[in-house]
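First up is the structure itself, then whatever we jot down about it.
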Amino acid sequence: MKQGRARIGGVRRRDGSSGQVEALSLRRYLLLGILVPVILFVGINAFSVYEQAKRAVDIAYDRSLLASAKSIGEQLDVTGYDKLSVLRATVPYAALEAFEADNESRMYYRVSSLDGEMVSGFAELPFWRGRIPQQPAYSALVDFYNGEFRGEPVRVAVLLQPVASANGRGMAVVQVAETLALRQTLARQILLDTLWRQAALVLLIALVVVIVVQRATRPVRRLSEELQSRAEGDLTRLAARDAPRELLPLVDATNDVMQRLQRLLDHQKRFVRDAAHQLRTPLAVLKTQVQSALRDDVAPRQALSEINDTVDRATALANQMLNLAKVEQLRLQADAPVLDWSAVVREVAIDLSPLLAEKDIDFEIATRPAPVRAHDWMLRELARNLIHNAIKHTPQGGLLSVDVGADGDGVGLAVTDSGPGITAELAQRLFQPFSAGDVRHGSGLGLAICFEIVQALGGRIALDNREDHGRIAGLQARVDLPAPAIGQNQP
């Protein structure tokens, strides 16, 4: 079977590569958007001007035709009266030469009786069969119409001319025809003069559009040049102090995207740096333990137990570092649902109940509806880290309470233990990664994960010592998150 080439979803670029259709430039878009309607209007206006010019020329030259007809009518004579009248006319063609405008047009005439009987002139000129208008434009019994004579279009004036003499009285029909060459030439000249002016106007509009677009897009070109000249990895904000007001939303949106990218890159760099630094130690310890076991420095069972502990710590560290990276991933997702945090906290407490029973902790939990817009994993991880940390620092048989619910304009979670509390120096760096009080019993990432989650949800977190008669009676971890806006889906 023959194989062929398919081109889907694009066109061939000038450089030969396949891509999408080239975007229309702003200059070309404005030129088309302005000039196309203007040119259409000029075309319609030109047709209208041409028709008006023909009407104006007809009005002007119709007066000349009427004057010619009157001049011929003044040279008529009659004998007899009314229906018995006999018309006589001696009209030399030279009498019409005074009314001919130039050599382009020719004039013809015919004098007839009311019955159409030929008296004088060109017999080939058809006799008039029309009617005089009810309100003629001139103070005469005259009618104008277009016709054809000797294969040429003509304009004809018909004058009903009363004729009286000492020997009779009658009515003559005087027809004067003129070819339209001069009229059409004059109308076309008026049209061309109008079109030249309108063409000059269109060119002026096009020039103004090009100049205005060139000046208006100058800030855009400067922004483009600034971005292209930046060093790789430079995501600082765009200044754009002289940008027009319509361009500021684009600049702000670009700065917002660059800020998010910078935060994402910083998080990625920090993750890689921390992973390389923190995983190096357990791997080195693990290698040392394996080498020690191979040399029979320790008993096999003890060596395996130590290796198992090291692997557990490395696994916990890797999981928490992945959780820390997952917070940033979920921060960028905008489709978080509205959940009841109290239900999540109850499930977490049930999961951790074996640890509570192991230390015989007196545990209390109070929950009220607590709607929060967040991903389930974030709420669950936040509650798990805080409660697990409180369990770890609560002494055997101590007290631990959890309270969660709507509080004012937001939602609050309070985890209170009866442990030793924290020092002022530790409180300053407790939310920083790998700053746990006792690194032998944790990776130092739990509270850092909590802090990142709370920041991503737009809330606040605080750790405060509880005092009783001047001594530390425990620690309270307090988290406040914003409630979902009115109208959002409730759980």
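Based on the mean of other beta carbon atoms within 10 Å per residue, what is the order of 364-370, 230-236, most packed first?
Result, highest mean Cβ count within 10 Å first: 364-370, 230-236.
Quick check on packing: order 127-136, 252-261 by the mean number of other C-beta atoms within 10 Å, highest mean leading.
The densest-packed peptide leads the list: 252-261, 127-136.
With each pseudo-label sitting 7 Å past Cα toward Cβ, what's the Asp312-Arg230 distance in nm, one decimal?
4.8
Just to check I understand the Karplus step: with θ = phi - 60° and J = 6.51 cos²θ - 1.76 cosθ + 1.60, what whole-Hz values come out for segment 154-163, glycine and proline as x?
Once θ is set to phi - 60°, the couplings for segment 154-163 become 9, 10, 10, 10, 10, 10, 8, 10, x, 10 Hz.
What order do Asp409, Asp480 take when sorted by accessible area (1.4 Å probe), most exposed first?
Per-residue accessible area, sorted high to low, gives Asp409, Asp480.
Provide the solvent-accessible area of Glu306, counting protein heavy atoms only and rolling a 1.4 Å probe, rounded to the nearest 10 Å².
70
For labels at Val212 and Gln75 in the simple 7 Å Cα→Cβ model, what's the distance in nm?
Once both label points are built, they end up 6.3 nm from each other.
Residue by residue through segment 74-87, what is 3J(HN,Hα) from phi via Karplus (6.51 cos²θ - 1.76 cosθ + 1.60, θ = phi - 60°)? Round to whole Hz and write x for glycine and proline.
Values per residue, Gly and Pro as x: 6, 9, 8, 9, 9, 10, x, 10, 6, 5, 8, 6, 10, 8 Hz.
At 0.36 nm per residue, minus the direct Cα-Cα distance, what do Ser48 and Thr254 gain on full extension? Give it in nm, one decimal, please.
69.1 nm
Can you check what the net charge comes to around Ala473, using other residues whose Cβ is under 11 Å from the Cβ of Ala473 (Lys, Arg +1; Asp, Glu -1)?
-1
Just add up the charged neighbours of Leu114: K/R +1, D/E -1, any other residue whose Cβ is under 15 Å from the Cβ of Leu114.
+1
Can you compute the modelled spin-label distance between Arg478 and Arg129, with each label point 7 Å from Cα toward Cβ, in nm?
Simple spin-label model gives 11.0 nm for this pair.
All other residues with a Cβ under 15 Å from the Cβ of Val78 taken together, and with Lys, Arg as +1 and Asp, Glu as -1, what is their net charge?
Around Val78, the surrounding residues sum to -2.
Based on alpha-carbon centroids, what's the gap between segment 351-391 and segment 19-79 in Å, whole number please?
Measuring centre to centre over Cα atoms gives 87 Å.
Take every Cα-Cα distance within segment 159-213, group them into 10 Å bins from 0 onward, and report for each bin the whole-number percent of pairs it holds.
18, 19, 16, 15, 12, 9, 7, 4, 1
The values are calculated or read from the model by the stated rules, or taken from the named source; none is laboratory data. Predicted, not measured: the structure shown is a model, and the values here were computed from it. Here Cβ is always computed from backbone atoms with ideal geometry, including for glycine, and neighbour counts include all displayed protein chains. Only protein heavy atoms, including side chains, enter the accessible area calculation; ligands, DNA and RNA are left aside. Shrake-Rupley method; radii C 1.70, N 1.55, O 1.52, S 1.80 Å.
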